[in-house]
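Enquirer: Quick one: this structure, given as structure tokens, is what I'll be asking you about.
Just so it is clear, none of the values below were taken in a lab; they were calculated from the coordinates. Bear in mind the structure is a predicted one, so any value in this text is a computation, not a measurement. A quick note on method: Cβ atoms are made from the backbone with ideal geometry, for glycine too, and the neighbour counts reach across all protein chains shown.
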Amino acid sequence: MSVAFAKEESAEAASETILPPRPIPDRINLVTEAGLKMLQEELARAQQALEAAGQLEDVNERRRQSAVPVRDTRYYAERVRTAQLVPAPGSNDVVAFGHCVTFRRDDDRIQSFRIVGDDEANPSQASISHGSPVAIALMGKAVGEFVQFGQSELEVLAIS
């Protein structure tokens, strides 16, 4: 009877350790210097968590504790491997990857975002992915230009 319970617990633990991979965007993996550093730090953090989980004596708990670090290690290793470092823009003539762009919307809201890589993007921290619709619409535009964005229009006010 105890063997049956052990097998059941192992099967349960095994099912908890099979996590789907983190989705990887299918666009080019452009990164800023800060973005590359963040990816490397996250990879190191995931590897440390995996190493710590590997020290646990209970095999079932080791499996449970390893699930997320295994998934994250795979993800960040791939993101670091495919990262293409883009140097800071040399001029502020037109909006490009790495720029902070300030624009006005039709409703007179003024917003500023830095255009960065997918993993670095965080709109609540004023950064958006280079693959986001707003970034795509603004890339290549100069101060004073208007951009049709869906049903509205954006005016580029500043590039830094």
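Enquirer: Kindly rank 17-30, 134-147, 61-74 from highest to lowest mean number of other beta carbons found within 10 Å of each residue.
Expert: Numbers: 17-30: 12.1, 134-147: 15.6, 61-74: 17.4.
The packing order, highest mean first, is 61-74, 134-147, 17-30.
Enquirer: Could you compute the net charge surrounding GLY35? Neighbours are other residues with a C-beta less than 10 Å from the C-beta of GLY35; K and R count +1, D and E count -1.
Expert: Working: positive: LYS37, ARG79; negative: GLU33, ASP118, ASP119, GLU120.
Its environment carries a net charge of -2.
Enquirer: Another question, if that's okay. Using the beta-carbon distance between GLU78 and ARG45 and R0 = 22 Å, what value does 1/(1 + (r/R0)^6) give for FRET efficiency, to the nearest 0.05? Walk me through the intermediate numbers first.
Expert: Values: r = 16 Å, r/R0 = 0.71.
That gives a FRET efficiency of 0.90.
Enquirer: Would you please give the FRET efficiency between LEU157 and ASN122, computed as 1/(1 + (r/R0)^6) with r the Cβ-Cβ distance and R0 = 30 Å, to the nearest 0.05?
Expert: Working: r = 22 Å, r/R0 = 0.73.
Plugging the Cβ-Cβ distance into 1/(1 + (r/R0)^6) gives 0.85.
Enquirer: If I model a spin label at LYS37 and ARG104 as a point 7 Å from the Cα along the Cα→Cβ vector, what separation in nanometres do I get?
Expert: 3.6 nm
Enquirer: Among ALA96, ASN122, TYR75, which residue has its Cα furthest toward the positive end of the charge dipole of the chain, with +1 on Lys/Arg Cβ and -1 on Asp/Glu Cβ?
Expert: In the chain, that residue is ALA96.
Enquirer: Between GLN55 and GLN148, what is the label-to-label distance in nm when each label sits 7 Å out along the Cα-to-Cβ direction?
Expert: 6.1 nm
Enquirer: Report the convex hull volume per residue for segment 62-157, counting only C-alpha atoms, in Å³.
Expert: Working: hull volume 11.8 nm³, N = 96.
Spelled out: Cα convex hull of segment 62-157, divided by residues, is 123 Å³.
Enquirer: While we're on this one: Please list 3J(HN,Hα) in residue order for segment 49-64, calculated via the Karplus relation 6.51 cos²θ - 1.76 cosθ + 1.60 where θ = phi - 60°; whole Hz, with x for glycine and proline.
Expert: Those phi angles translate into 5, 5, 5, 5, 5, x, 7, 5, 6, 6, 4, 5, 5, 4, 4, 4 Hz.
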